[in-house]
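Chemist: First the structure, which I've put down as structure tokens, then a few questions once you've had a look.
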Amino acid sequence: MTTLLITLLTLLVSGLWFWKKGLAMLAERNASKELEKLLFPKGDNEKEAIIESLVKITKGKYNQELLLDYFLKIKGLQVVNMYDPVNFWTRRFLMSPTKLKLNYFEQVKFYESFLNYPEASARIMVSQTEDNDYITSESNGGFYKKKQLA
């Protein structure tokens, strides 16, 4: 009887851990590959340049893994159109909070530096729908939503 109870308790704890941490780890691993292909079309050189500029913004306080996680989540949310079908892992990764919490000044510098990055990828990901929900604005290099969802 106690062996069965211990086994059930172990399974319950393992299931809860997997639900909270395991799925997040799988989502990070799978989605980061997809987002890196999308956000860094020129490869590792572009990725290293972005990380280097993030290190300068934060004055070297954080490691590269945390900075990459922050960049992928923030820019991924801007580039990926969440109204179109999105991979489960990508959606889960983008909807999770960032591991890194930048202070106000670092956030401002981040948004000033990367507001229009990557222009070409953003134009590809956001497609114009039949009922003209999205309008392309070449003057500001981006897109804006014309109608609110009801």
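The values are calculated or read from the model by the stated rules, or taken from the named source; none is laboratory data. Worth saying up front: this structure is predicted, and the values here are computed from it rather than measured. No Cβ is skipped: glycine too gets one built from the backbone with ideal geometry, and neighbour counts run over all protein chains shown.
Chemist: Can you tell me which residue in the range 10-63 is surrounded by the most Cβ atoms within 10 Å (Cβ to Cβ), limited to those that are part of a helix (DSSP H, G or I) and among the hydroxyl-bearing types (Ser, Thr, Tyr)? Working first, answer last.
Modeler: Of the range 10-63, the ones part of a helix (DSSP H, G or I) are 10-39, 44-57.
Next, only the ones that are among the hydroxyl-bearing types (Ser, Thr, Tyr) stay: 10, 14, 32, 53.
Numbers: Thr10: 10, Ser14: 11, Ser32: 19, Ser53: 17.
So, considering only residues that are part of a helix (DSSP H, G or I) and among the hydroxyl-bearing types (Ser, Thr, Tyr), the one surrounded by the most Cβ atoms within 10 Å (Cβ to Cβ) is Ser32.
Chemist: I've got another one for you. Would you check if there is a residue in the range 55-64 being among the basic types (Lys, Arg) and closer than 12 Å to Leu94 by Cα? Give the derivation first.
Modeler: Step one: of the range 55-64, the residues among the basic types (Lys, Arg) are 56, 59, 61.
Still in the running and closer than 12 Å to Leu94 by Cα: none.
No, every residue in the range 55-64 fails to be among the basic types (Lys, Arg) and closer than 12 Å to Leu94 by Cα.
Chemist: Could I ask something else about it? Identify, from the list Phe105, Phe71, the residue that is surrounded by fewer than 11 Cβ atoms within 10 Å (Cβ to Cβ) and modelled with pLDDT of 50 or more.
Modeler: Of Phe105, Phe71, the one residue that is surrounded by fewer than 11 Cβ atoms within 10 Å (Cβ to Cβ) and modelled with pLDDT of 50 or more is Phe105.
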